[in-house]
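First comes the structure, then the notes that go with it.
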There are 2 protein chains.
Amino acid sequence: MDSGAHQIFNGKEDNYGGIVVNLMEMEPMTAQDFEAKLDVSLKSWKVQGKRGIWIKLSSQLSSLVDSAIKRGFTYHHAENEYVVLTSWISESPSTIPANASHRIGIGAFVLNKSREVLVVQEIGGPFKGTGVWKLPTGLIQEGEDIWTGAVREVEEETGIKTKFVEVLAFRERHQSFFERKSSIFSLCELEASNFEIKKQDSEILDAKWMPIEEYVNQPFNQKNEMFRFMANICLKRSKEKEKYAGFSTVLTKNSAGKESHLYCSIDHADLLNRKCDQASTSLFTTLFHKCFCFT
Amino acid sequence: MDSGAHQIFNGKEDNYGGIVVNLMEMEPMTAQDFEAKLDVSLKSWKVQGKRGIWIKLSSQLSSLVDSAIKRGFTYHHAENEYVVLTSWISESPSTIPANASHRIGIGAFVLNKSREVLVVQEIGGPFKGTGVWKLPTGLIQEGEDIWTGAVREVEEETGIKTKFVEVLAFRERHQSFFERKSSIFSLCELEASNFEIKKQDSEILDAKWMPIEEYVNQPFNQKNEMFRFMANICLKRSKEKEKYAGFSTVLTKNSAGKESHLYCSIDHADLLNRKCDQASTSLFTTLFHKCFCFT
């Protein structure tokens, strides 16, 4: 047996009394050596009062998954190139945090100047062959924002370039994929900057501008209450924008300078955005006072 | 060798030219038998023009993970008791859908009649020992709605029973957990129906009602722009509710009768909810016309 096999794994301590063992770069080792080292490590972590143990194994180390499971580890989550297993070794109740639970989808509401809405028919999926004209939809990608994802999907599917306006509404759905995962679908209004459709061939059967009333009145939208409610919000926006208020975006920074977007009511977002635009001028204090202190 | 080893796996066809092999209930089998059967199956699926192959392996079958990986499968996702592996066997570009990408968190804004806000200090986590008073926060559980999750978290942490009012705003954050996953955090207003705090001992160090201005003016909220913006929305609601509009919930059904919630602008939600309340009366047609046709 390799003389190093009985050393313990190099683990990084987390803020919750846990140990994270990242084996993404580890050279292949035999199951026997892995098991011996893991046994010694677990004993040592237990003595130290550690609680949750995390092991991240690259695909190359898939022969070791079975050894970890046999020692009381369970799967926690997996991505293409690795699997993460956890074991709670403390007597206290487990506080191992949950896996990702949701996927975020978007539907894009885009009008042209004749109150026609941009609609598509898809080649595959649940609407295949139904003749239903639907809003362009899609999934938010890893690390992508809702507002940029909506703009991307519309351009990919139809060639129409747009600017994000507001999230008009969103809905939750459970057990919507992989049996027990949930999804949130955000209905986004976008403003088109070109109007000539160039449809994507791989997913989109057809795309066109359709009078909004015709879109809303499709039997499918009338039979499905959720779709009817959403179509109705679009109709309301198409008639008089001020009659329906959604959530607009404000770019903010946390104390470490990392940027992220807040989605909030349009009037308030306007106030906050105005503050940001003016922040570099001497007006800042006055505006800050106006926006935040309401006096 | 078992005479049945060369039969192909029972796979369920999906709507996208894929095969899903669910081995959750399979008796343990040797890696050798699994590999032989998988090889024959893959050959057959390829001839049939199948594209994406999914294999779901229970924890009890962890000894087979390595065999699948060695045959070109990659991890797709995992939950405590199973791992799912996929292989794209077609020449066309892969359209295997993405794994769950987000976790949904909530922050709860609850006022009492003296314009004091319900705040807590946590025992662990990033705010440990900072003295910062924060809104009760938490994660949405598997299959749970944002609005029910917010109500649950507040009662768990503080003993205060509440009714959901609105989502006031939400923010996106990327690489926020497990290195590459994203989160959406919804700021929810709730209405308290009792006011005596009974704090949870396991996670909460202290809980109290705090004058809203004092909450907003904490240095932490002023230094962190995102927190300041959210605190500011709470302040605005505390002064005059009508001055800031969030998203309220409407219960809807899809065409199969499955219920889910739509979150939309409060005025519109009121209209839709009123429609639902009245749907059983003869007023339905009139109201439907009023709500949906805007004529």
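The values are calculated or read from the model by the stated rules, or taken from the named source; none is laboratory data. The structure presented is a predicted model; accordingly, all values stated were derived computationally and were not measured. All Cβ positions, glycine included, derive from the backbone under ideal geometry; neighbour counts span all protein chains shown. These accessible areas exclude ligands, DNA and RNA; they are computed on the full protein's heavy atoms, side chains included. Shrake-Rupley method; radii C 1.70, N 1.55, O 1.52, S 1.80 Å.
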TODO: Quick one: which residues, 5 or more positions from B:Gly246 or on another chain, have an amide H under 5 Å from its amide H? H modelled 1.01 Å from N in the peptide plane, none for Pro or chain starts.
DONE: B:Ile266
Task: Distance between region B:164-219 and region A:206-271 - C-alpha centres, whole angstrom - done: 26 Å
Task: Carbon plus sulfur fraction of accessible area for the protein assembly as shown, probe 1.4 Å, in percent - done: 51 percent
TODO: On the full set of protein chains, 1.4 Å probe, figure out the accessible area of B:Trp54 and give it in Å² to the nearest 10.
DONE: 30 Å²
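Defining a contact as two alpha carbons under 8 Å apart and six or more residues distant in sequence, what relative contact order in percent does region B:12-88 show? Intermediate results must be reported in sequence, preceding the final value.
Numbers: 102 pairs, mean separation 25.4, N = 77.
Relative contact order for region B:12-88 comes out at 33 percent.
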Open item on the list: Taking beta carbons within 10 Å but only from partner chains, what does the mean come to for residues B:240-246?
Closed with: 3
- [ ] Take peptide A:140-150, look around each residue's Cβ out to 10 angstrom, count Cβ atoms belonging to other protein chains, and average those counts.
- [x] 3
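Mind scanning A:Lys128/B:Lys253; A:Lys50/B:Lys199; A:Lys199/B:Lys50; A:Lys161/A:Lys198; B:Lys12/B:Lys43; A:Lys258/B:Lys134 and naming the pairs with a C-alpha gap bigger than 18 Å?
Correct reply: A:Lys128/B:Lys253; A:Lys50/B:Lys199; A:Lys199/B:Lys50; A:Lys258/B:Lys134.
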- [ ] Evaluate E = 1/(1 + (r/R0)^6) for A:Ser255 and B:Glu203, where r is the Cβ-Cβ distance and R0 equals 22 Å; express this FRET efficiency to the nearest 0.05.
- [x] 0.40
- [ ] Let me have the relative contact order for chain B, percent, based on Cα pairs under 8 Å that are six or more residues apart.
- [x] 12 percent
- [ ] Indicate, rounded to the nearest 5 percent, the antiparallel portion of the DSSP beta bridges found entirely in the protein assembly as shown.
- [x] 75 percent
Task: Net charge of neighbours whose Cβ lies under 13 Å from the Cβ of B:Phe185, counting Lys and Arg as +1 and Asp and Glu as -1 - done: +2
Task: Derived scalar couplings ³J(HN,Hα) [region A:60-66; Karplus, 6.51 cos²θ - 1.76 cosθ + 1.60; whole Hz; x for Gly, Pro] - done: 4, 9, 4, 5, 9, 4, 4
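Which value in deg cm²/dmol, rounded to the nearest 500, describes the helix-derived mean residue ellipticity at 222 nm for chain B, given -39,500 (n - 2.57) per DSSP H run of n ≥ 4 and division by the residue count?
Working: 8 runs with 79 residues, N = 295.
Using -39500 (n - 2.57) per qualifying helix, the result is -8000 deg cm²/dmol.
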Open item on the list: Can you say what percent of the DSSP beta bridges in region A:12-88, counting only those with both residues inside, are antiparallel? Round to 5.
Closed with: 75 percent
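Where both partners of a DSSP beta bridge lie in chain B, what percent of those bridges are antiparallel, to the nearest 5? Mind showing how you got there, number by number?
On the way: 45 of 60 bridges.
Of the beta bridges lying entirely in chain B, close to 75 percent run antiparallel.
Arrange the residues B:Trp209, A:Trp147 by how much accessible surface each exposes, largest first, with a 1.4 angstrom probe.
The residues order as A:Trp147, B:Trp209, largest area first.
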Open item on the list: Shape verdict for the protein assembly as shown, please, from the Cα gyration tensor: rounded (a/c under 1.5), prolate (a/b greater than b/c) or oblate.
Closed with: oblate
Task: Dipole in debye (nearest 20) - region B:12-88, about Cα centre, beta carbon charges: Lys, Arg +1; Asp, Glu -1 - done: 440 debye
TODO: Shortest first and in nm with one decimal, please list how far the B:Ala256 label point sits from its counterparts in the other copies (point 7 Å along Cα→Cβ).
DONE: 4.1
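What's the Cα-based Rg to Rh of chain A, Rh via Kirkwood?
Dividing the radius of gyration by the Kirkwood radius yields 1.11.
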Task: Partner chain coverage, peptide A:213-223 - average Cβ within 10 angstrom - done: 1
TODO: Round to the nearest 0.05 the FRET efficiency obtained for A:Asp270 and A:Glu25 when R0 = 51 Å and r is the Cβ-Cβ distance.
DONE: 0.55
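Keeping all protein chains in place, calculate the accessible area per residue for chain A (probe 1.4 angstrom), answer in Å². The partial results should precede the final answer.
Working: 13670 Å² over 295 residues.
Here the per-residue accessible area is 46 Å².
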- [ ] Determine the gain in length on full extension of the stretch A:Asn10-A:Glu213; use 0.36 nm per residue of separation and subtract their C-alpha separation, reporting nm with one decimal.
- [x] 66.7 nm
Task: Residue-by-residue Karplus 3J(HN,Hα) for region B:230-244, coefficients 6.51, -1.76, 1.60, Hz, glycine and proline x - done: 5, 4, 5, 5, 4, 4, 4, 4, 5, 7, 7, 4, 5, 6, 9
Open item on the list: List, shortest first and in nm to one decimal, how far the label point of A:Val20 (7 Å from Cα along Cα→Cβ) is from its counterparts in the other copies.
Closed with: 3.2
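How high is the relative contact order of region B:102-243, in percent, counting Cα pairs under 8 Å that sit 6 or more residues apart? Don't skip to the answer; put the middle values down first.
Values: 273 pairs, mean separation 42.5, N = 142.
About 30 percent, as a whole number.
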